[in-house]
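The values are calculated or read from the model by the stated rules, or taken from the named source; none is laboratory data. These figures come from a predicted structure and were not determined experimentally. Cβ placement follows ideal geometry from the backbone for every residue including glycine, while neighbour counts extend to all protein chains displayed. Heads up: the accessible areas ignore ligands, DNA and RNA and are worked out on the full protein's heavy atoms, side chains in. Shrake-Rupley method; radii C 1.70, N 1.55, O 1.52, S 1.80 Å.
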Amino acid sequence: MVEVHLWSGLRAQAGGREVVEVEAKTVGEVLSGLVAAHPELQEVIDAGVSVAVDGRIIASGLTEPVNEDSEVYLMQRLKGG
Amino acid sequence: MALDEYKPQKGGDELEQGHAFKYVGTRPDRPDGTDKVTGRARFGADITAPGMLHGAILRSPHAHARIVSIDTAKAEALDGVKAVVTRADFSDAIQPAPGMAGEMWNVLENVMAGDKALYDGHAIAAVAATSALTARDAVKLIEVTYEVLPHVTDVDAAMADDAPVIRDGTADKSVPPGLHPNVVRYHQSGHGDVATGFAEADLVIEDSFTTEATHQGYIEPHACLGILGGDGKGELWCCTQGHWNVQKICAALLDLETSQLRVTASEIGGGFGGKTTVFIEPVALALSRKANKPVKLVMSRAEVFRATGPTASTSMDIKIGMNKDGTITAAQGVFRAQGGAFPGAPMEFTAMCAFAPYNLANVHQVGYDVMTNRPKQAAYRAPGSPMAAFAVESVIDELCNQLGLDPLEVRLKNASREGTRASYGPKFQRIGLVETIEAAMAHPHYSAPLEPGQGRGISCGFWFNHGGETSVTLALSEDGSAQIMVGTPDIGGSRSSMALMAAEVLGIPYENIRVTVADTASLGYNEVSHGSRVTYASGLATIKAAEAAVRELCRRAAAKWGIEEDAVYWEDGYAKPSGPNAGDFEPLHISKITRRMGATGGPINGHFEATPEGAGVSFATHIVDAEVDPETGSTKVVRYTVVQDAGKAIHPTYVEGQFQGGAAQGIGWALNEEYIYGADGRLQNAGFLDYRIPVASDLPMIDTVIVEVPNPGHPYGVRGVGETSICPPLAAIANAVSAAAGVRMRNLPMSPPRILAALEEQSGG
Amino acid sequence: MSKIHVSTTINGDTAEFLCDPRETLLDVLRDRLGLTGAKEGCGTGDCGACSVTLDGRLVCSCLVLGAEAEGREIATVEGIAPGEELHPLQRKFIEHAALQCGICTPGILVAAKALLEKNPDPTETEVRYWLAGNLCRCTGYDKIIRAVMDAAAEMREAA
Ligand code: FES
Ligand code: FES
């Protein structure tokens, strides 16, 4: 299982939790795992999120690998000027 | 050395140990230089088409009004008028949705108003006619009946209970119950326990700050030429930071198939984020479809100010606790940002960037995205971050003052490093903040004496940077020269950087490479030029495409020599056998291989398509000296030094240029620039005379120090450089002005009347 | 509205055009004569992107009517380079990277050339004040000022 840290503003959609455990080998599976565990997260994930895996910020790629012991943080979708 | 050991394939880390570059890091002339100094370069408004019509747009004079009726009959009857369009001429398949999920609808609504005019300047209808003057005359003949509604333009006022509701049901699920419907998105993040942290502090300072909306201020107004037929096939020429994005949005707004619309990016006269979306492009296409003729549409400067993206304005509360030794024990921030009549004010970046430079055990940040009756905000260079730095770094400065500590030493003591848990969650990889602070401390500017009436301010700043979808194709010519097609418009010399990176891999002179910004029909998808991603992502793709070509070149040499492919390596433009065991062959120059490429297996190209995810965040530290005239309240920036981590500077002159440009824009934001709305909700300063951006006589030379802490996510260590440079200036200048004036400035811009008022309040109060 | 016939000289060549009385010189240059080097950044005389010279005097062509060109001599960015060779200012702008996007460059070159014709040895302050009517949003002016000073030095040496 991979521990996924949410930003605290998402607690309301994740049953009050800030860390959710999901079965995942890729960033895409992290996101689908989150929605499976907490369907209310669908809207925010559809609107766009980024994922930090061991400090590396994945802006959008779903195929990026994730390990069991990876440190995974959900982040708001990155964009720029 | 076998091919796969070829040095530039390794990450930034390896390169740090003394890799010698031949082309990267040099400062050649830019390939488009002659075009740009002779007036030949073709920008958005510089193109024409046979039989072309000219368009003009009618805009709302009201900040908030229901559109009861639009009568276009008189305009249509005017001699020379060929088409009039309203919202009815755009797709009705796009539905609104809460928050950012409704962004396509938001863009459509902004391009052409639906039921309501949402801000002064909102497009209501458009005309195409045989001349620009006729089109403008015709616009005046369109009769619109409005029912004027109450409006709100201030972020704090828009959150108050009695504020008019701009569009109910726009809030997404992130917004906690009980807030005004104008609050449409909410962000909250952090770690540790700030209450405990504040209790441990020797000194806690809490303060509130505001910044006004500023415009990106590119000198080239939006311009485009659209051609669309009833068959759904079209062409569009426009100045944009991302033509694939324009293609995608225009296709959606006009019910076209994306591939049937070919979009070509012109030379672009500045963007800074403001040209990452569309405003007039779908309108030109809709007019063209209706008139069945090409239509050119060019914005006036007043239209640019009234109807294209300024940045968000903000209102912020900051609380920071510090120990006597300078350690920050806890930090918290509340950031309210308005981004006009649509969701999207970048408050989550304001929140996430605010405390990123510091290693904090206890940190908490909250952001509110608020709607007002103003134009839809657009990205502006590190969107959201400069305001955060202004508020946070002002409080840190005040803490340093009251505790008698050196401001740079305090930053160094608390600085984020590799492995620090960022205020926004994950741990940092290799970063260069400490190096920028140390370089600032060592810079002669920091120890130079100040004249009476002057103050010195410093600030750190942070930005994420971005990778994004990228395609690059490289084709070799029979003479061994190379052409590269990239899809990221060149805003500040990026073609030069691409050519340098390709030269490095191919081992051929920089001058033998031509880089073209390809149109949407000539190359695969490319995300917008934003997030400082061009040199990083297009650069990475260029390197990979060149490496693919090199592999093929080696293969051809191996076949000619009759040896194994991996017994050939590439060096300085030659294929060479890798040592005595591979056999003894004369090195083969690239031109010897390309001359016969048709007969030895066909053309040699390299290409690369990916979404590189390793942009690498970046930090900067700025030092500024400002002089305040207590009589007039006017401020002069007398000395400015930018220190920033570029990862690796591909073309150092252009990196310096980005540093200087960001600092100058920051100076404008800090001292003069602001959107001023009257009580009637109308923009009062829609021109460069009253919206004053810095001019040459306002500024000193801007000194730069390029720090290079390689980004492990790029083959040469590149980090984005374009945006971070605008993060520290607001704060650095505010700290300098506060020191010079002897009063803390909490509201930007620090225009002369504001400074005089602050001085008066201090002496009177 | 009937059009006005105008005869003028542009970059040394005679030119004739018909224009609406409301059209500016900038409109005429760009839309009727195909000289798109001068840019419209504001149309109100605030940005300098449209700078040209009229009988040797630096003007914003957006503030001059097309009809006013009658019998006058106009010089635009297209006429700065005498032939294949670039003018020293143009070369120095490329060399110093005094342009990023380049939209302000035509106007700044025309203005800088007018300055150096009046004052071949300007101080930094003089250059900054002379160019104060030419907005550049990209560069922070640093490299522009250096390029002008350097070109001036080179031209003095050559003179
Ligand atoms: S366009 Fe003439 S001064 Fe700006
Ligand atoms: S180089 Fe872009 S405005 Fe000057």
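Details
- Going by accessible surface with a 1.4 Å probe and the largest first, B:Tyr119, B:Tyr23 read B:Tyr23, B:Tyr119.
- Theoretical ellipticity at 222 nm over chain B - DSSP helices of four or more residues, -39500 (n - 2.57) apiece, nearest 500: -8000 deg cm²/dmol
- Within 10 Å of each Cβ in B:342-353, the average number of Cβ atoms from other chains: 2
- Using every pair of distinct Cα positions in the protein assembly as shown, the Kirkwood expression returns a hydrodynamic radius of 29.4 angstrom.
- FRET efficiency, 1/(1 + (r/R0)^6) with R0 25 Å, evaluated for C:His5 and B:Leu78 via beta carbons: 0.50
- Rounded, prolate or oblate (a/c below 1.5 giving rounded, otherwise prolate when a/b exceeds b/c) for chain B by Cα gyration tensor: oblate
- Ligands, DNA and RNA are left out, and with a 1.4 angstrom probe the accessible area of the stretch A:2-76 is 42 Å² per residue.
- Counting only whole DSSP H helices of chain B, the ones at least 20 Å long by C-alpha along their axis and with mean Kyte-Doolittle hydropathy no lower than -0.5 are B:385-403, B:539-561, B:652-671.
- Theoretical gain in end-to-end length, B:Val148 to B:Ser447 [0.36 nm per residue, Cα-Cα removed]: 101.8 nm
- Kirkwood Rh and Cα Rg combined as Rg over Rh, evaluated for the stretch B:514-578: 1.14
- On a per residue basis, the convex hull of the C-alpha atoms belonging to the stretch C:88-158 measures out at 71 Å³.
- Summed over both chains, the contact between A and B buries some 2600 Å² of accessible surface at a probe radius of 1.4 Å.
- Taking all protein chains into account, the per residue accessible area for the stretch C:4-79 stands at 40 Å² (1.4 Å probe).
- Cα gyration tensor shape of the stretch B:74-223, rounded if a/c is under 1.5, else prolate or oblate by comparing a/b with b/c: prolate
- Relative contact order for the stretch C:88-158: 51 percent, from Cα pairs under 8 Å spaced at least 6 residues apart, divided by residue count.
- Cys with no candidate disulfide partner in chain B (beta-carbon separation under 4.7 Å rule): B:Cys239, B:Cys250, B:Cys353, B:Cys400, B:Cys460, B:Cys554, B:Cys727
- Cβ charges +1 (Lys, Arg) and -1 (Asp, Glu), total dipole of the stretch B:428-578, debye: 160
- The mean number of Cβ atoms from other chains found within 10 Å of a Cβ in peptide B:719-727 is 1, as a whole number.
- Percent RCO, i.e. relative contact order, over chain B, from Cα pairs under 8 Å lying at least 6 residues apart: 16
- Going by accessible surface with a 1.4 Å probe and the largest first, B:Arg87, B:Arg30 read B:Arg87, B:Arg30.
- Partner lysines whose Cα lies under 19 Å from the Cα of B:Lys275, excluding those fewer than 8 positions away in the same chain, are identified as A:Lys79, B:Lys248, B:Lys296, B:Lys376, C:Lys39.
- Inter-centroid distance (Cα atoms) of the stretch B:490-534 relative to the stretch B:316-352, Å: 37
- Cβ neighbours within 10 Å from other chains - mean over B:523-534: 2
- Distance distribution note for the stretch B:218-350: the fraction of Cα pairs above 17 angstrom is 65%.
- Within the stretch C:4-79, DSSP assigns beta bridges of which about 90% are antiparallel (rounded to the nearest 5).
- Antiparallel content of DSSP bridges confined to the stretch B:393-521, in %, to 5: 50
- Of the accessible area of the stretch C:4-79, computed with a 1.4 Å probe over protein heavy atoms only, carbon and sulfur atoms account for 47 percent.
- Neighbour-limited loop hits for GluC sites (Glu not before Pro), the stretch C:60-94 (at most 16 other Cβ within 10 Å; DSSP other than H, G, I, E, B): C:Glu70, C:Glu84, C:Glu85
- Fraction of beta bridges assigned by DSSP in chain B that are antiparallel (%, nearest 5): 75
- Convex hull of Cα atoms in the stretch B:369-420, direction-averaged projection (nm²): 5.9
- Per residue Cα convex hull volume in Å³ - calculated over the stretch A:2-76: 72
- Ranked from largest, the principal axis spans of the Cα set of the stretch C:4-79 equal 28, 25, 20 Å.
- Loss of accessible area when C meets B, both sides summed, Å² nearest 100, probe 1.4 Å: 4000
- Pairwise FRET efficiency - A:Thr63 versus A:Val19, Cβ, R0 = 25 Å, nearest 0.05: 0.55
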